[in-house]
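Asks: Shown below is the structure under consideration.
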Amino acid sequence: MLNSSLKQLSALLAARKISSAELTSEFLERSRALNLDYNAFITINEEASLAQARAADMMIASGRAQPLTGIPIAQKDIFCTRGWLTTCGSRMLSNFISPYDAGVVERFNVAGAVNIGKTNMDEFAMGSSNETSFYGPVKNPWDITAVPGGSSGGSACAVAARMAPAATGTDTGGSIRQPAALCGISGLKPTYGLVSRYGMIAFASSLDQGGPMAKSAEDLALMLNVMAGFDERDSTSLQREPEDYTRNLEKPLEGLRIGLPKEYFVKEISDDVARTVEAAIAEYRKLGAKTVEVSLPNTKLSVPVYYVLAPAEASSNLSRFDGVRYGYRAPEYADLNDMYRKSRAQGFGAEVKRRILIGTYVLSHGYYDAYYIQAQKLRRLMALDFAEAFKQCDIIMGPASPTVAFNLGEKSSDPVQMYLSDAYTIAVNLAGLPAMSIPAGFGKNNRPVGLQIIGNYFAEAQILNVAHQYQLATDWHLRAPGPL
Amino acid sequence: MSRGWIPAFAGMTFTLPARQAGPIVLPSGASAIKIYPEKVLAMQWEIVIGLEVHAQLSTQSKIFSGASTAFGAAPNAEACGVDLALPGVLPVLNRGAVDRAIKLGLAVGGKINSPSIFARKNYFYPDLPKGYQISQYELPVVEGGSVRIQVRQDGEEREKMIRLVRAHLEEDAGKSLHEDFHGMTGIDLNRAGTPLLEIVSEPDMRSSAEAVVYAKTLHSLVRWIGICDGNMQEGSFRCDANVSVRHQGADRLGTRCEIKNLNSFRFLEKAIDYEARRQIEILEDGGTIQQQTRLYDPDKDETRAMRSKEDAQDYRYFPDPDLLPLEISGSWIAEVKSGLPELPQQMRTRFERDYGLSAYDASTLTADRDIAGYYEAVVDKLPSDPKLCANWVMGDISGYLNDQGKFFDNCPLSPSQLAQLLTRIKDGTISGKIAKEVFRQMWTKVREQSATWKSRNSELEENLADQIIEAQGLKQISDSGALEKLVGEVIAANSKSVEEYKAGKEKAFNALVGQVMKAAKGKANPAQVNEILKKKLAD
């Protein structure tokens, strides 16, 4: 059951072979036990989860069940959840019990899903290894000396270790896809604006996008059916007709044109990752797809552009954490400025402070034009690169991460090396496109490798189809670390 | 925005350590802060003033949240999650605030920008919950436009055009309360997120009097078009004044100081006068002006340095990524335009043209929409003499209203009641002098009813003037037989005056008229008395 798909779990619940309370208890038990090693959850609240499970059982009994009713879902601790501690991985919010639900949380509640816990993450989603969390690093369940990736490392670990059937994540520069790749699960970052940002604690508003993390593309499609949708409380939310993201899953791939950006297959990619990704692409050829070389000439600029824009927005977004109204306030201070200084110095970790400093700098008088404006122009060029490439292909493929999971502590003292681990995911956020990572095999030290699939705007159903067809032909996505 | 969780914060005040007590003083050059004696400004100096006015827009809810904007609630009772800047909340623009900005843009003939951009102005202050204020920076919603004001120059009324730079939408901050918290500061975020339109003028004013007239004209305009209640006590209309001085005829502007938060016209005038004197004294003593932000202290009648340009903050403006560029379509503008009333400037011109009023009268009667509406209602009943109507509305009624601290919208006397009184002057039933007495009695009567002309069934006592004239026999004597008799008696009894008149003394004639009026207890028709007297004296 721990390895079952959402569809299978839903069928078991519908057939009353198991109750949501039983299912929830089983995952809770496993989470409690494994969390001691993996540190995937910041908060587990059995009472609240079981109450939701019992309510779900009532929904099922009264015939009002929806596809995810009764299924436990882990929520990244970036989503405000009413009555739950919502920390965003930071000491700053280590005492913040949210008085309201994020749009995404609300949607899962309405769907009757069960919140099984709040997952660990890099502090304020700033990091690629989950090592910046105030609550300690998450371990990679494939190898506890390795990082799970970040920032949605807790969610990736929870799904990979089968502590939860599925989880939510957020992706600002690769924070769903990179940990999904490093933990050997499937993760989808939707088109910007598809999933409400209301109640999702902001890192970089113009890049942040929530999305599902699960074992398979089929599970992601079911999750996205719940998560996507217009929210009037988010001005950047898109008003579109609702879609069924499972509708194209079974389409054959005959004639699919896969674009392979030459800038993604370069010497910076480690050999094991390159080999594994190429093998996956060969599998696609077997499934009837054709490959075509495309070019995304500005790829090398994506990391520098991102590290201007994202910190700029973050420096302002994080100003509200000032110790005045909620959150951490230093225990002792001399006056107001001292209170600000000490609360923020003590409440934020090193990486968050680094990005606030970078962001403050690039927005400062005299530097704004040279950095922020320039980066905005380049951002536009990157979106144009993709538009150009999509004239020649239907989807784009490449690695999700240049390497398999690195060791804990390996890059934490070298921010630039850490930033480069998102070199192939960031451009997608800058352009606002949908993209996913799916398990494609294993590399060095038997650590998972992720294949990145990038679609055009609103092509979620298409990339899910492309991923699902691969998962019908392979079983990488069913591999689990350790015994079940 | 769901407000379900507001009670958790309602009535609660966040407390903070107090900021340094007392005024903020500059470390250097502080000796320049002294009280300057009243002194006549030297002729060769020209004062240059530009105003930034913050008009609170009269929307029901806030500019980026659904919380109420009503004044006077318990601390933080009207601060929802967005206003408290909880983690994860997002701003959603209130369309009503944009409607009002468009209205102002149309009323001043400015350009409505589409798109305009919301930007974040970043700074830390406890009553600024997000750590940034959402405002507009590079592309404001309104650019350009002008306001015409009536100024008196060399004893003559003339019109002056004050150009506007821009008007932009922004949110207000909350309030820091420094008393009542035992050395701590209380934070009330009810005002946080209240919609403001900041209206920035060019430095086109040359005296504090002009600045006040401009501020009053703008104050009347925003109320006229219904975008702001103009309540200055509650802070709905606040002015910052940029003041500099230069030698008369110089083409470059002097270094300016900005005086913050002037919340009455009187303070605006006094602050500018003080500030101009201060700057002139410094310059005449050979000093230079430091660009500063200053605060006016009404108790001491002086301005004090708040911060200088050197410690000016870098606000790190950048486009707010939570809000899309604001697109205003032509049809949106057209829709707002169709709901716009006749503007004071247009009405002023019409009053001059159609009613033959002087520029001064026309501008007084269009000072606000209530007086204009009242006046038009009177003229409607007595179209033959708009000037007479104007004199009474601006004179007697305004005077009586002033005495009671009332305005035209709650005037107890209705326009038709006044019109009947004026009709009785016109048709010769009573003299102007008697009319004043009738008016006094009418006023006493309607005041007793303690209602306003709008709330009272105005049909009830339409003929109040006639009732009083009738009941007290105040009707003018226009019977020529009776008047001839009276005049004859007066001539007989005042032979000295008659002789003087015949000797060419015009004054004596007036004395005789006075005697006739006295004998008639004021009720004689003056025109007729003149005529009969002239005729008899010529005999």
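The values are calculated or read from the model by the stated rules, or taken from the named source; none is laboratory data. Note that the coordinates shown come from a computational prediction; the quantities given were computed from them, not determined experimentally. Note that each Cβ is placed from the backbone with ideal geometry, even for glycine, and that neighbours are counted across all protein chains shown.
Asks: Of the numbered conditions (1) within 30 Å of A:I201 (Cβ to Cβ); (2) among the polar types (S, T, N, Q); (3) without any contact (Cβ under 8 Å) to a residue 60 or more places away in the chain, B:T194 fails exactly one; give the number of that condition.
Replies: Tallying (1) within 30 Å of A:I201 (Cβ to Cβ); (2) among the polar types (S, T, N, Q); (3) without any contact (Cβ under 8 Å) to a residue 60 or more places away in the chain, B:T194 fails exactly one: (3).
Asks: So, one more: Would you check which residues across the stretch A:302-322 are assigned to a loop (DSSP other than H, G, I, E, B) and either modelled with pLDDT under 95 or more than 9 Å from every other protein chain (Cβ to nearest Cβ) (or both) and list them? Don't jump to the end; show me each part of the working.
Replies: Initial filter on the stretch A:302-322 (assigned to a loop (DSSP other than H, G, I, E, B)): A:321-322.
None; the set is empty.
Asks: Considering only the stretch B:114-171, how many residues are within 14 Å of chain A (Cβ to nearest Cβ), touching a helix residue (DSSP H, G or I) at 6+ places or on another chain (Cβ under 8 Å) and not basic (K, R)?
Replies: Looking only at that region, the number is 6.
Asks: Going through A:S205, A:S186 one at a time, which residue ends up being away from chain B (no Cβ under 14 Å), in contact with a Lys or Arg (Cβ under 8 Å, 6 or more places away or on another chain) and over 15 Å from A:A427 (Cβ atoms)? So that I can check it myself, show each step before the final result.
Replies: On the way: A:S205 fails: away from chain B (no Cβ under 14 Å).
Answer to the selection: A:S186.
Asks: When residues of the stretch A:352-375 are filtered for being within 10 Å of chain B (Cβ to nearest Cβ), buried (at least 17 other Cβ atoms within 10 Å of the Cβ) and under 25 Å from A:L296 (Cβ atoms), how many remain?
Replies: Applying the first criterion (within 10 Å of chain B (Cβ to nearest Cβ)) to the stretch A:352-375 yields A:359-368, A:372-373.
Applying the additional criterion that residues be buried (at least 17 other Cβ atoms within 10 Å of the Cβ) yields A:359-360, A:362-363, A:368, A:372.
Filter once more, keeping what is under 25 Å from A:L296 (Cβ atoms): A:362, A:372.
Matching residues across the stretch A:352-375 total 2.
Asks: Sticking with this structure for a sec: If the Cβ limit is 7 Å and pairs must be 6+ apart or interchain, which residue in the stretch A:233-251 that is within 19 Å of A:M200 (Cα to Cα) pairs with which residue that is at pLDDT 95 or above and outside any loop (DSSP other than H, G, I, E, B)?
Replies: From residues that are within 19 Å of A:M200 (Cα to Cα), the pairs are A:R233/A:G103; A:D234/A:G103.
Asks: Right, something else. From the list A:A48, A:A33, A:A65, A:A53, pick out the single residue that is closer than 30 Å to A:A15 by Cα and touching a Ser or Thr at 6+ places or on another chain (Cβ under 6 Å).
Replies: Working: A:A48 fails: touching a Ser or Thr at 6+ places or on another chain (Cβ under 6 Å); A:A33 fails: touching a Ser or Thr at 6+ places or on another chain (Cβ under 6 Å); A:A65 fails: touching a Ser or Thr at 6+ places or on another chain (Cβ under 6 Å).
After ruling out the rest, the residue left standing is A:A53.
Asks: Could I ask something else about it? Restricting to the stretch B:134-151, what's the tally of residues that are over 25 Å from B:R348 (Cβ atoms) and surrounded by 22 or more Cβ atoms within 10 Å (Cβ to Cβ)?
Replies: Going through the stretch B:134-151 one residue at a time, the tally reaches 3.
Asks: Among the listed residues A:A310, A:A314, A:A334, which satisfies the condition of being aliphatic (A, V, I, L, M) and within 25 Å of A:A181 (Cα to Cα)? Before the answer, list the steps.
Replies: Values: A:A314 fails: within 25 Å of A:A181 (Cα to Cα); A:A334 fails: within 25 Å of A:A181 (Cα to Cα).
Step by step, each of A:A310, A:A314, A:A334 is checked, and only A:A310 is aliphatic (A, V, I, L, M) and within 25 Å of A:A181 (Cα to Cα).
Asks: Residues in the stretch B:176-184: is at least one touching a residue at least 24 places away in the same chain (Cβ under 8 Å) and buried (at least 22 other Cβ atoms within 10 Å of the Cβ)?
Replies: Initial filter on the stretch B:176-184 (touching a residue at least 24 places away in the same chain (Cβ under 8 Å)): B:176-178, B:181, B:183-184.
Next cut, buried (at least 22 other Cβ atoms within 10 Å of the Cβ) only: none.
Scanning the stretch B:176-184, I find no residue that is touching a residue at least 24 places away in the same chain (Cβ under 8 Å) and buried (at least 22 other Cβ atoms within 10 Å of the Cβ), so the answer is no.
Asks: Among the numbered criteria (1) surrounded by 20 or more Cβ atoms within 10 Å (Cβ to Cβ); (2) of a type in the set (V, I, T); (3) out of contact with any Asp or Glu (no Cβ under 9 Å at 6 or more places or on another chain), which one does B:I187 miss?
Replies: If we test B:I187 against (1) surrounded by 20 or more Cβ atoms within 10 Å (Cβ to Cβ); (2) of a type in the set (V, I, T); (3) out of contact with any Asp or Glu (no Cβ under 9 Å at 6 or more places or on another chain), just (3) comes out false.
Asks: Let me ask you something else. Confirm whether B:A508 is on the phi < 0 side of the Ramachandran plot and exposed (fewer than 13 other Cβ atoms within 10 Å of the Cβ).
Replies: No, not satisfied.
Asks: Return the only residue of A:M213, A:M200, A:M223 being crowded, with 24+ Cβ neighbours inside 10 Å and either in contact with a Cys (Cβ under 8 Å, 6 or more places away or on another chain) or facing chain B (nearest Cβ under 9 Å) (or both). Explain how you work it out, then say what you get.
Replies: Numbers: A:M213 fails: either in contact with a Cys (Cβ under 8 Å, 6 or more places away or on another chain) or facing chain B (nearest Cβ under 9 Å) (or both); A:M223 fails: either in contact with a Cys (Cβ under 8 Å, 6 or more places away or on another chain) or facing chain B (nearest Cβ under 9 Å) (or both).
After applying the criteria, what remains is A:M200.
Asks: Take the residues of the stretch A:329-359 that are among the basic types (K, R) and in a helix (DSSP H, G or I): which is nearest to A:D414 (Cα to Cα)?
Replies: The residue in question is A:R354.
Asks: While we're here: Inside the stretch B:102-202, counting only strands (runs of 3 or more DSSP E) that do not spill past its ends, which hold 1 or more residues that are in contact with a His (Cβ under 6 Å, 6 or more places away or on another chain) and in the same structural domain as B:A85 (by TED's automatic domain parsing)? Write out each step before concluding.
Replies: Numbers: elements: B:118-122, B:132-136, B:146-153, B:156-171, B:175-177, B:184-188, B:195-201.
The qualifying strands (runs of 3 or more DSSP E) are B:132-136, B:184-188, B:195-201.
Asks: Filter the stretch A:46-92 for residues that are under 20 Å from the mean Cα position of the chain (by Cα) and away from chain B (no Cβ under 14 Å); which is surrounded by the fewest Cβ atoms within 10 Å (Cβ to Cβ)?
Replies: A:L68
Asks: In this structure, does A:Y361 turn out to be touching a strand residue (DSSP E or B) at 6+ places or on another chain (Cβ under 8 Å), without any contact (Cβ under 8 Å) to a residue 40 or more places away in the chain and among the aromatic types (F, W, Y)? Don't jump to the end; show me each part of the working.
Replies: Details: touching a strand residue (DSSP E or B) at 6+ places or on another chain (Cβ under 8 Å): no; without any contact (Cβ under 8 Å) to a residue 40 or more places away in the chain: yes; among the aromatic types (F, W, Y): yes.
So A:Y361 does not fit the description; no.
Asks: For A:R233, work out the one condition from (1) facing chain B (nearest Cβ under 9 Å); (2) closer than 27 Å to A:I438 by Cβ it doesn't fulfil.
Replies: So A:R233 meets the others, but not (2).
Asks: Can you pull out the residues in the stretch B:69-98 that are of a type in the set (V, I, T), away from chain A (no Cβ under 12 Å) and closer than 16 Å to B:L323 by Cβ?
Replies: Looking only at the stretch B:69-98, we keep the residues that are of a type in the set (V, I, T), and these are B:69, B:82, B:89, B:92, B:98.
Next, only the ones that are away from chain A (no Cβ under 12 Å) stay: B:69, B:98.
Across the stretch B:69-98, the qualifying residue is only B:V98.
Asks: Any residue that is closer than 20 Å to B:C389 by Cα, within 50 Å of the chain's Cα centre (by Cα) and not charged (D, E, K, R) - is there at least one of those in the stretch B:473-496?
Replies: no
Asks: Do you know which residues across the stretch B:81-101 are farther than 18 Å from B:L57 by Cβ and not in a helix (DSSP H, G or I)? Don't jump to the end; show me each part of the working.
Replies: Quick first cut of the stretch B:81-101, residues farther than 18 Å from B:L57 by Cβ only: B:81, B:84-90.
Those that are farther than 18 Å from B:L57 by Cβ and not in a helix (DSSP H, G or I): B:A85, B:L86, B:P87, B:G88, B:V89, B:L90.
Asks: So B:G287 fits all but one of (1) surrounded by fewer than 20 Cβ atoms within 10 Å (Cβ to Cβ); (2) farther than 25 Å from B:A209 by Cα; (3) touching a strand residue (DSSP E or B) at 6+ places or on another chain (Cβ under 8 Å); what number is the exception?
Replies: Evaluating B:G287 over (1) surrounded by fewer than 20 Cβ atoms within 10 Å (Cβ to Cβ); (2) farther than 25 Å from B:A209 by Cα; (3) touching a strand residue (DSSP E or B) at 6+ places or on another chain (Cβ under 8 Å) leaves (3) as the failure.
Asks: Now for a different question. Looking at B:D301, B:D322, B:D297, B:D273, which is the one that is under 30 Å from B:Y137 (Cβ atoms) and surrounded by 12 or more Cβ atoms within 10 Å (Cβ to Cβ)?
Replies: Numbers: B:D301 fails: under 30 Å from B:Y137 (Cβ atoms); B:D297 fails: under 30 Å from B:Y137 (Cβ atoms); B:D273 fails: under 30 Å from B:Y137 (Cβ atoms).
Going through B:D301, B:D322, B:D297, B:D273 in turn, the sole match is B:D322.
Asks: Continuing with this model, one more query. Among the residues in the stretch A:64-73, are any closer than 22 Å to A:G187 by Cα and assigned to a helix (DSSP H, G or I)?
Replies: No, that holds for no residue.
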